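Student: I have a structure here, written as structure tokens, and I will follow up with some questions on it.
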Amino acid sequence: MRRAAVWRYQIPMDAGVVLRDQRMKQREGLLVRLTQGEQEGWGEIAPLPGFSYESLMEAQRVLVDWLDQWQTEVESPLPVMPSVAFGVSCALAELHGLLPVAADYRTAPLCSGDPDELILSLAAMEGEKIAKVKIGEYEAVRDGMVVNLLLEAVPGLRLRLDTNRRWTPLKARQFAKYVDPAYRSRIAFIEEPCQNPDDSRAFSHETGIAIAWDESLREEGYHFQSEAGVAAVVIKPTLTGSLERIQQQVSAAQQLGQTAVISSSLESSLGLTQLARIAAWLTPGVIPGLDTLTLMQAQVIRPWPASPLPCWKKDNLERIR
């Protein structure tokens, strides 16, 4: 017999979290649990405000409709809505034992403020040193100076940079001007430096700094192709869709010699642990971009290893089905 339950969470965020120029005070999402006999599977549905096309309430309606069909043992196709497709496909994969348990809990430390803090955390890292820096919120010249400082201070460091398409071509050139050409090869990539993809391509050609596609992957008409200067694609499963679609994108990138990076969309600890499993499964050896739990004040259901944050259980959540 099939059963399904849904809970809603609201996790307070650190005061400094800003998305698309709006302060985010709490992260909201849904957790779904599917059970069949002795087996169970969990999934997380958490549209990201400002990035997802669907709202949480729209996702909830689609999820409940799909669960009503599933419980009657009608084999309906997965919902089209990306956040719902991802959460439901994870729950089904766990239910049927198809999501490998092995996980890659390594993270690329995220720096969105004081570079000195990042330097200290990198000093404690063992093995490959990779960090992510959010840029584009301040002056491009300042960003260039900070990136140059980090690369100079930590030999062997490779940086992943993300501007969220904030730069004009002029600002992109201003940034590059302050990064020593000798260090530029240690920028693993900049995610979508400019609003226009053609401007991003031109920036990479002019500066020799590699770029990665992120938002472009989810735009109509995008197709995977080998491009000079494009080193990676950043895949955010909550914004992408089902596990099958994620597998297709990872495979397409890898066949072109591009690095596929599994990255978070500010999921809860439960979603992050599943992303760590997906990363170990589909992108072995590539450090995923999952260092976002530090922006939250609590975990839910499944804790991230060694996290000091309290972990809320089902009784701490609002059950809606």
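Student: Extension gain GLU220-LYS313, at 0.36 nm per residue separation less the Cα-Cα distance, in nm?
Tutor: 29.6 nm
Student: To the nearest 10 square angstrom, what accessible area does ARG166 show with a 1.4 Å probe?
Tutor: About 80 Å², ignoring ligands and nucleic acids.
Student: Still on this structure, please answer the following. Could you put GLU219, GLU318, GLU38 in order of accessible surface area, largest first, with the 1.4 Å probe and the full protein assembly present?
Tutor: Greatest to least solvent exposure: GLU38, GLU318, GLU219.
Student: Using alpha-carbon positions, what is the distance between the centroids of the stretch 192-234 and the stretch 253-279, in Å?
Tutor: Taking the Cα centre of each part, the stretch 192-234 and the stretch 253-279 sit 19 Å apart.
Student: Okay, next question. Take ARG245, ARG186, ARG27 and sort them by solvent-accessible surface of the protein heavy atoms, 1.4 Å probe, largest at the top.
Tutor: ARG245, ARG186, ARG27
Student: Next question, about the same structure. For a quick check of understanding: with a 1.4 angstrom probe and all protein chains in place, what accessible area in square angstrom does MET145 have, to the nearest ten?
Tutor: For MET145, the solvent-accessible surface is approximately 110 Å².
Student: Tell me the carbon and sulfur percent of the accessible area for the chain, rounded to whole percent, probe radius 1.4 Å.
Tutor: 50
Student: Pairs of Cα atoms under 8 Å, at least six residues apart: use those to get the relative contact order of the stretch 212-298, whole percent.
Tutor: Computed over the stretch 212-298, the figure is 25 percent.
Student: Largest first, what is the accessible-area ranking of ARG20, ARG319 with a 1.4 Å probe?
Tutor: ARG319, ARG20
Student: For the chain, what is the relative contact order in percent, using Cα pairs closer than 8 Å and at least 6 residues apart in sequence?
Tutor: 19
Student: May I pose another question? Below 8 Å between Cα atoms, with a sequence gap of 6+, how large is the relative contact order for the stretch 127-188 in percent?
Tutor: Here the relative contact order equals 45 percent.
Student: Heads up, I need the accessible area for TRP42: 1.4 angstrom probe, whole protein in place, Å², nearest 10.
Tutor: Probe radius 1.4 Å; accessible area of TRP42 about 10 Å².
Student: What full-extension length gain, to one decimal in nm, is calculated for ALA123 and THR72 as 0.36 nm per residue of separation minus the Cα-Cα distance?
Tutor: Once the chain is fully extended between ALA123 and THR72, it gains 12.9 nm.
The values are calculated or read from the model by the stated rules, or taken from the named source; none is laboratory data. Because the structure is a prediction, the values reported are computed rather than measured. Areas reflect the complete protein model, heavy atoms only, side chains present, ligands, DNA and RNA absent. Shrake-Rupley method; radii C 1.70, N 1.55, O 1.52, S 1.80 Å.
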